[in-house]
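> Quick one: the structure is below, questions incoming.
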Amino acid sequence: MDEIVAEYIRRTVLRIPHSDIGKMLTTWGFLSESQLQSINLNQIKEDLSQKVVQLCEKNGATIKHAANLDIIYNYTYRDKKNWTVYKMTTEEGDENAIFDLVDFRKKFKTTLRLLLKNVTITFKKYEDNSVWIRVAWGLQFKKPNQYKPTYVVYHSQTPYVFISHSIFKSCRTMLFQALLAAAGYSDMHEMDLRSRCLDSLKDIVFKRCNQNVETFNPRPLQERNSILEKVDPRIIQEDKNKKETIRRINEEDFGNGPLPKLQYAQYKLETIFKSNPELGILNDKEPFRCLVTFSSPHLLEALKSLAPAGLATAPLSRLLTCIVPDAKNSFKITEKKGGFSHSQPDQ
């Protein structure tokens, strides 16, 4: 067995929590039942990993087997990575045929290897119709770096692709070409939607989360403000009527079910200041730019709790409440009429 393969398997086993090693090796399916039983799962992880490597050497493990174990690990612990959502589109009138995994794999591999020969490509399909693709990138005269692969999650019969952040710009272009050729689409763009929680990203783009947020049309802002103003200001914060009004407005914005888990929302402001040119500080030619980021382990739940806790007035700005309906958490605010527009993908 190649030393690179042995070392990669050893490191992968060391990454797995001790309590999950037995289950994950069983899921891998590369070791026989008797080999699995010969592993002492109670020993220290370093010795355990060396035992696994010895058994893999007997079985003649290749980089494909090691990559398969790596996919299983990253599928199980998928929230350890940062994910970006991309959407593929077709030309008007084009329709995709029924998904065929064998054909998809063949087209993907053929296209990518025409662009770059030194790549390791591994596929694994799961019961939720997701296809996990692991791509380890190499150079013209250099073997693929197995420690910095790109992970791609594609759901068949949908235009959505979820890609881990660890990818160079040149590799991303080649990856896009391979995905478009394999899936039968003509273009691909970033959706300005990112998170560590892959399942939440799927819930947002597949419209599976909190249907109230997706379908409810909240009352106009002026109407909702007037409702709050009708409450006598002399009544203290604990007034039940005001609390109930805030709760209803909050429910219009966020729904009444569990919210997807996002870690941040980013707002890029670009505006022009009007000033006296003689001061030489600000002028009306160069735009003023700033970046505001709201972050939290569970941002949407945090935003939802602001008004009821008295930390913000209800209703919140639509810039904070439109994240799920608009399927984006990165915005660009400009002088243009209409408030804000889609942000440009990061380069």
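> Starting from residues that are of a type in the set (A, V, I, L, M) and exposed (fewer than 12 other Cβ atoms within 10 Å of the Cβ), keep the ones in segment 286-309 and report whichever is nearest to residue 331 (Cα to Cα). Break it down into steps so the answer makes sense when it comes.
Taking segment 286-309 first, the residues of a type in the set (A, V, I, L, M) are 291-292, 299-300, 302-303, 306-307, 309.
Okay, now just the ones that are also exposed (fewer than 12 other Cβ atoms within 10 Å of the Cβ), so 291, 309.
On the way: 291: 10, 309: 26 Å.
Here the answer is 291.
> Let me ask another. Starting from segment 151-167, take each residue that is in the same structural domain as residue 101 (by TED's automatic domain parsing) and list its partners that are in a loop (DSSP other than H, G, I, E, B) and of a type in the set (A, V, I, L, M, F, W, C), counting only C-beta distances under 7 angstrom and pairs at least six apart or across chains.
Pairs found: 156/99; 157/99.
> State yes or no: is residue 67 of a type outside the set (Ser, Thr, Tyr), under 30 Å from residue 191 (Cα atoms) and buried (at least 20 other Cβ atoms within 10 Å of the Cβ)? Walk me through how you get there before you give the answer.
On the way: of a type outside the set (Ser, Thr, Tyr): yes; under 30 Å from residue 191 (Cα atoms): yes; buried (at least 20 other Cβ atoms within 10 Å of the Cβ): yes.
Against the criterion (of a type outside the set (Ser, Thr, Tyr), under 30 Å from residue 191 (Cα atoms) and buried (at least 20 other Cβ atoms within 10 Å of the Cβ)), residue 67 qualifies.
> Go through (1) modelled with pLDDT under 85; (2) closer than 30 Å to residue 129 by Cα and name the single condition residue 189 misses.
(1)
> Further question on the same structure: If you scan segment 119-157, which residues turn out to be out of contact with any Lys or Arg (no Cβ under 7 Å at 6 or more places or on another chain), hydrophobic (A, V, I, L, M, F, W, C) and surrounded by 12 or more Cβ atoms within 10 Å (Cβ to Cβ)?
Listed by number, the residues that qualify are 133, 135, 136, 137, 152, 153.
> For residues that are more than 17 Å from residue 152 (Cα to Cα) and in a helix (DSSP H, G or I), scanning just segment 204-215, find the one that is modelled with the highest pLDDT.
For segment 204-215, the residue satisfying everything is 204.
> Among the numbered criteria (1) in the same structural domain as residue 19 (by TED's automatic domain parsing); (2) in contact with a Gly (Cβ under 9 Å, 6 or more places away or on another chain); (3) modelled with pLDDT under 95, which single criterion is violated by residue 96?
(1)
> Say whether the condition of being of a type outside the set (Lys, Arg), more than 25 Å from residue 8 (Cα to Cα) and under 18 Å from the mean Cα position of the chain (by Cα) is met by at least one residue in segment 89-102.
No.
> How many residues does segment 256-271 contain that are in contact (Cβ under 8 Å) with a residue 60 or more places away in the chain and touching a helix residue (DSSP H, G or I) at 6+ places or on another chain (Cβ under 7 Å)?
Number satisfying all stated conditions: 8.
> Tally time: how many residues in segment 174-206 are among the hydroxyl-bearing types (Ser, Thr, Tyr) and either more than 23 Å from residue 99 (Cα to Cα) or surrounded by 20 or more Cβ atoms within 10 Å (Cβ to Cβ) (or both)?
First, the residues of segment 174-206 that are among the hydroxyl-bearing types (Ser, Thr, Tyr): 185-186, 195, 200.
From what is left, the residues that are either more than 23 Å from residue 99 (Cα to Cα) or surrounded by 20 or more Cβ atoms within 10 Å (Cβ to Cβ) (or both) are 195, 200.
Result for segment 174-206: 2.
> I need every pair where a residue in segment 55-84 that is within 14 Å of residue 31 (Cβ to Cβ) has its Cβ under 6 Å from the Cβ of a residue that is part of a helix (DSSP H, G or I) and β-branched (Val, Ile, Thr), sequence separation at least 6 or different chains.
56/9; 61/5; 66/5; 66/9; 69/12; 72/27
> Is it the case that some residue within segment 11-26 is among the β-branched types (Val, Ile, Thr) and touching a residue at least 60 places away in the same chain (Cβ under 8 Å)?
Scanning segment 11-26, I find at least one residue that is among the β-branched types (Val, Ile, Thr) and touching a residue at least 60 places away in the same chain (Cβ under 8 Å), so the answer is yes.
The values are calculated or read from the model by the stated rules, or taken from the named source; none is laboratory data. Note that this is a predicted model, so its numbers are computed, not measured. So basically every Cβ, Gly included, is an ideal-geometry build from the backbone, and we count neighbours across all protein chains shown.
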